[in-house]
Amino acid sequence: MNSKRLKFNSYDLTGTYGKCRDFLGQNEFVFDKEDFEKINKCYWLKDSNGYWKGSLGWLHRLIMGAQEKEYVDHINHNKDDCRKENMRICDNSENNRNRGLQSNNTSGVAGVSWSKKEKKWRVRIKIYGKEKHIGFFDNIEDAKKAREKAENIYYREYSYNNSVEASTYVQ
């Protein structure tokens, strides 16, 4: 590859944490300054799913030292926040617990759907691939509370709502 054509990311190490801007100047991620030597050896681009990838692989996996069958969860759901306090090694099931709403969700609450047969809101939760029925509720507010309670019991810190509060980063 012609080195004259290759453009590099730019870095800012003046703040509390490091910042890296892609060579197009459009996207930026943050990282712990102690990881600079790991990550500055290649250029990084944001993929179509919002993850940072370079010639060394996925940025979040490199920083966390994730092994082949391990997953890295972005606690605050911000894929541009690659500080170690915002990431954790987990299994696939734990990683899926900290996902946002699916595109086909119609209730606005994960695990809550309208049952035409019962004419009530149905609440369920998935635990290690198995679905657990929580109950039927007359109104959406009671269904939402039941789902939150179930997440606190079964998902604990991997609950989507609990995770958001765990780590914050304002860009």
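The values are calculated or read from the model by the stated rules, or taken from the named source; none is laboratory data. In this text the structure is predicted, and so the values were computed from the model without any measurement. Heads up, the Cβs are rebuilt from the backbone with ideal geometry, glycines too, and the neighbour counts pull from every protein chain shown. Quick note on the areas: whole protein, heavy atoms, side chains included, nothing else; ligands and nucleic acids left out. Shrake-Rupley method; radii C 1.70, N 1.55, O 1.52, S 1.80 Å.
So that you can scan it fast, the table gives a plain yes or no per residue for (1) within 26 Å of Asp73 (Cα to Cα); (2) polar (S, T, N, Q); (3) assigned to a helix (DSSP H, G or I):
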| site | (1), (2), (3) |
| --- | --- |
| Ser93 | yes, yes, yes |
| Gly100 | yes, no, no |
| Thr106 | yes, yes, no |
| Trp121 | no, no, no |
| Arg124 | yes, no, no |
| Lys149 | yes, no, yes |
Every residue in the stretch 85-95 that is surrounded by 15 or more Cβ atoms within 10 Å (Cβ to Cβ) and either within 22 Å of Lys126 (Cα to Cα) or over 10 Å from the mean Cα position of the chain (by Cα) (or both), please. Arg88, Ile89, Cys90, Glu94, Asn95
Whether any residue in the stretch 72-91 is in contact with a strand residue (DSSP E or B) (Cβ under 6 Å, 6 or more places away or on another chain), without any contact (Cβ under 8 Å) to a residue 12 or more places away in the chain and outside any loop (DSSP other than H, G, I, E, B) is what I want to check. no
Could you please find all residues in the stretch 63-111 being within 22 Å of Thr16 (Cβ to Cβ) and polar (S, T, N, Q)? Asn76, Asn78, Asn86
The lone condition Lys53 fails out of (1) open to solvent by 70 Å² or more (accessible area, probe 1.4 Å); (2) within 30 Å of Lys144 (Cβ to Cβ); (3) in a strand (DSSP E or B) is (2)
Pick from the stretch 100-121 the residues that are of a type in the set (D, E, K, R) and exposed (fewer than 13 other Cβ atoms within 10 Å of the Cβ): which of them is nearest to Ile134 (Cα to Cα)? Glu118
